[in-house]
1. Can you tell me which residue among Cys203, Cys199 is more than 22 Å from Asp256 (Cβ to Cβ), touching a Lys or Arg at 6+ places or on another chain (Cβ under 8 Å) and surrounded by 18 or more Cβ atoms within 10 Å (Cβ to Cβ)?
2. Restricting attention to the range 581-633, report how many residues are loosely packed, with under 13 Cβ neighbours inside 10 Å and of a type in the set (Gly, Ala, Ser).
3. Here is a check on your reading of the model: is Thr305 within 22 Å of Lys467 (Cβ to Cβ), open to solvent by less than 30 Å² (accessible area, probe 1.4 Å) and either in contact (Cβ under 8 Å) with a residue 12 or more places away in the chain or under 21 Å from the mean Cα position of the chain (by Cα) (or both)?
4. For the subset of the range 189-222 comprising residues that are touching a helix residue (DSSP H, G or I) at 6+ places or on another chain (Cβ under 6 Å) and aliphatic (A, V, I, L, M), which member is farthest from Pro379 (Cα to Cα)?
5. Filter the range 226-262 for residues that are charged (D, E, K, R), assigned to a helix (DSSP H, G or I) and open to solvent by 50 Å² or more (accessible area, probe 1.4 Å) and give the result.
6. Taking helices (runs of 4 or more DSSP H) that fall entirely within the range 479-597, which contain at least 2 residues that are among the basic types (Lys, Arg)?
7. Tell me, which residue of the range 501-547 that is over 29 Å from Glu419 (Cβ atoms) and among the polar types (S, T, N, Q) is most open to solvent (accessible area, probe 1.4 Å)?
8. Tell me the residue from Glu75, Glu60, Glu102 that is of a type in the set (Asp, Glu), assigned to a loop (DSSP other than H, G, I, E, B), farther than 24 Å from Gly127 by Cβ and open to solvent by 30 Å² or more (accessible area, probe 1.4 Å), please.
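The values are calculated or read from the model by the stated rules, or taken from the named source; none is laboratory data. Small disclaimer: the values here were computed from a predicted structure and weren't measured. Quick reminder, even Gly has a Cβ in these numbers, built from the backbone with ideal geometry, and neighbours come from all protein chains shown. We work out accessible area using only protein heavy atoms, side chains counted, and drop any ligands, DNA or RNA first. Shrake-Rupley method; radii C 1.70, N 1.55, O 1.52, S 1.80 Å.
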Amino acid sequence: MKNVYLIQPTNLLSDSIYLPYSIGTIAAYSWQFEEIRAQYELKELLFLKDDPEQTVKQLEEPFLFGFSCYIWNFEYNLIFAKKLKETFPDCIVAFGGPQIPEDTSYLEEYPQIDILMYGEGEETFCGILKALKNADELKTVANLAFRNGDEIVVSPKAVPGDVYNFPSPYTEGYFDKILSDERFKNVKFNTIVETNRGCPYKCLYCSWGDNDAPLRKISMERVKKDLEWSALHKIEYCMCADANFGIYERDEEIIDYIVELKKIYGYPQKFEIIAAKNKNDLIFNINKKLFSVGLNKGVDIACQTLTPEVLNNIGRKNISNEEFAAELKRYRDAGMITFTDLIIALPGETFESFCESLFGVIELGQHELLNIHTCELLPAAPMHSPDIIKKFGIKTVRSNLRQTHGKTHSDTVFGSKSEIVVETNSLSRYEWRELNRLCATVRAFHSFGLLRNIAFYLRWARNISYKDFYLRLFAFIQNENEYLSGLLNYVTATLDPFIEGKGDMYFSDERFGDIYLPFEEGLFMCAVTDSERFFAEIKIILGEFFDDKELFGDLFRYQIADVTVPFAKEHAESFLYNWPAYFADPFAPLPRYPEKIKTRVLFSPESYSDLPEYTREAVWYGKSKNRTTVQNKKLLN
């Protein structure tokens with residue numbers, strides 16, 4: 001028997017980690033065949049970033065080692081494969097996964113790799129196992145590049161086949177050993193579930209839809225059994241790997257089943273989907289059902305950019321702005337939190353056009369969660385092609401990958417790398433830097449609620465746009481206030497060395513725990529831990545927007561009271577205006593003005609034992625539930 005190992009190394013986030021679904025599916029598919037079971041023994045499924053040298057020492061004469069590769073583990077896999085070859089030079093090393101571009105560059109650059117697998121892995125890996133009994137037969141396995149002596153051979157390309165009846169790694173027992181291992185008794189495992197595979201779209205920056213494979217369903221029987229497995233094994237968090245969940249009508253039946261499992265077993269506790277585009281009514285019903293039993297964390301109203309030229313460049317079409325605003329209102333009226341993604345430095349985007357998108361989605365009603373992403377150059381995405389890079393003047397920085405909320409100082413030895421776009425023909429590096437600082441400011445002040453009520457009033461009653469308000473505020477912070485500029489500089493200090501390829505982009509402060517925070521969370525935390533000073537300094541510029549100083553003073557006190565600061569206690573405040581009623585509906589017609597009536601409000605903020613707990617529960621986990629502002633407010637008169 002020849003020993004085969006599979007590895008999908010993943011980072012531990014806090015105390016949770018995903019079961020290695022990708023290699024599990026490969027194992028379940030390949031070892032269903034008698035001829036594979038007769039020749040090969042599947043050894044351990046590896047999924048942690050343990051010391052490669054120590055792990056290699058524990059291997060039992062590996063014949064073939066399969067690596068599942070993506071940005072968070074590719075560098076580690078290279079180190080591991082090198083150690084593996086040094087100890088077992090005859091071991092065949094196969095690299096596959098979304099990280100692998102469809103060329104031979106990795107074979108040319110990395111001598112520790114013997115075989116590259118392109119695209120989906122089940123049939124390809126199984127084909128390798130069947131073909132290795134005769135080296136010449138390897139040429140017949142589709143979607144490969146491999147070494148044959150000094151020659152590199154590329155096999156024919158083939159469209160991936162039907163996945164409807166592929167066996168499941170869950171129900172076939174491939175993760176049972178992991179779950180029963182005493183080493184992992186304190187680890188919370190997450191699961192990944194597929195209901196379909198493929199993506200009909202071909203966004204320039206994404207590697208998901210860059211192939212000719214059709215969209216294909218997985219059997220309903222397997223989907224339900226996988227979900228039941230998660231429930232029976234008390235999996236708290238389950239992620240759906242579909243690129244467009246809700247693209248099929250049957251997906252609502254799947255949600256009905258998940259809801260029933262939650263009611264019966266209490267698990268899974270969260271089910272995350274990436275929703276299909278242009279299926280508004282069906283997606284709303286799906287999310288409403290998830291929300292009814294507390295299964296969803298938030299609803300993604302997709303965007304990436306509002307700039308028509310950029311949308312054309314990346315091969316994407318959004319819903320209209322009117323539909324976007326209507327969807328935001330529909331979800332808010334139903335009590336559901338929404339979030340919207342934007343990407344900095346997409347091809348053709350300028351500083352000005354990105355600002356129009358940033359403040360445009362706020363004007364349309366996205367006041368809760370703005371997720372701002374850097375544009376990443378993925379090896380298997382269309383944007384990685386030399387022609388596209390040249391056309392748009394794309395320049396990147398290869399730097400350390402720091403996963404948001406990962407532990408500080410983790411992965412310093414086996415860390416991965418990212419290719420982040422920091423410059424294009426239309427966006428300079430300085431502008432890229434300033435956009436990151438601006439986005440951190442807007443998200444901390446608006447999305448997290450530090451100044452959201454102030455911005456609301458100025459927009460609704462004074463017709464001062466969110467763009468004008470926040471850009472003026474941003475300029476004041478940078479140029480006219482030493483304390484606030486120092487705060488912003490402290491949080492975003494890693495940006496300058498990052499541009500030079502000398503660091504990473506995340507913020508950390510041991511006061512808030514041993515985790516990396518994105519800039520907006522870091523800025524918010526620094527502000528609320530010194531809230532008295534922060535509000536005193538920011539009040540200087542805010543007063544310039546108001547003619548009625550009495551109203552401003554009343555509103556400013558309400559704004560302060562409405563923020564959940566660490567260690568805050570229940571307290572009552574009296575106001576000249578009925579601010580709770582005024583801010584109740586962000587979608588009410590404009591202009592509108594607060595009612596001047598004396599109002600007494602009881603603020604009952606959630607309490608936390610220390611700053612790390614506050615950071616985790618109110619900011620990290622709680623931002624999707626608006627916990628950075630006081631949710632429990634009661635009128636006393």
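1. None of the other options fit; the residue is Cys203.
2. Of the residues in the range 581-633, 3 are loosely packed, with under 13 Cβ neighbours inside 10 Å and of a type in the set (Gly, Ala, Ser).
3. Against the criterion (within 22 Å of Lys467 (Cβ to Cβ), open to solvent by less than 30 Å² (accessible area, probe 1.4 Å) and either in contact (Cβ under 8 Å) with a residue 12 or more places away in the chain or under 21 Å from the mean Cα position of the chain (by Cα) (or both)), Thr305 qualifies.
4. Per the criteria, the residue is Val193.
5. Just the residues of the range 226-262 that are charged (D, E, K, R), to begin with: 226, 228, 234, 236, 242, 249-253, 256, 260, 262.
Imposing the further condition that a residue be assigned to a helix (DSSP H, G or I) reduces the set to 226, 228, 251-253, 256, 260, 262.
Scanning the range 226-262 gives Glu228, Glu253, Asp256, Glu260.
6. In the range 479-597, 531-542, 549-561 are the helices (runs of 4 or more DSSP H) which contain 2 or more residues that are among the basic types (Lys, Arg).
7. Thr529
8. Working: Glu75 fails: assigned to a loop (DSSP other than H, G, I, E, B); Glu102 fails: farther than 24 Å from Gly127 by Cβ.
Step by step, each of Glu75, Glu60, Glu102 is checked, and only Glu60 is of a type in the set (Asp, Glu), assigned to a loop (DSSP other than H, G, I, E, B), farther than 24 Å from Gly127 by Cβ and open to solvent by 30 Å² or more (accessible area, probe 1.4 Å).
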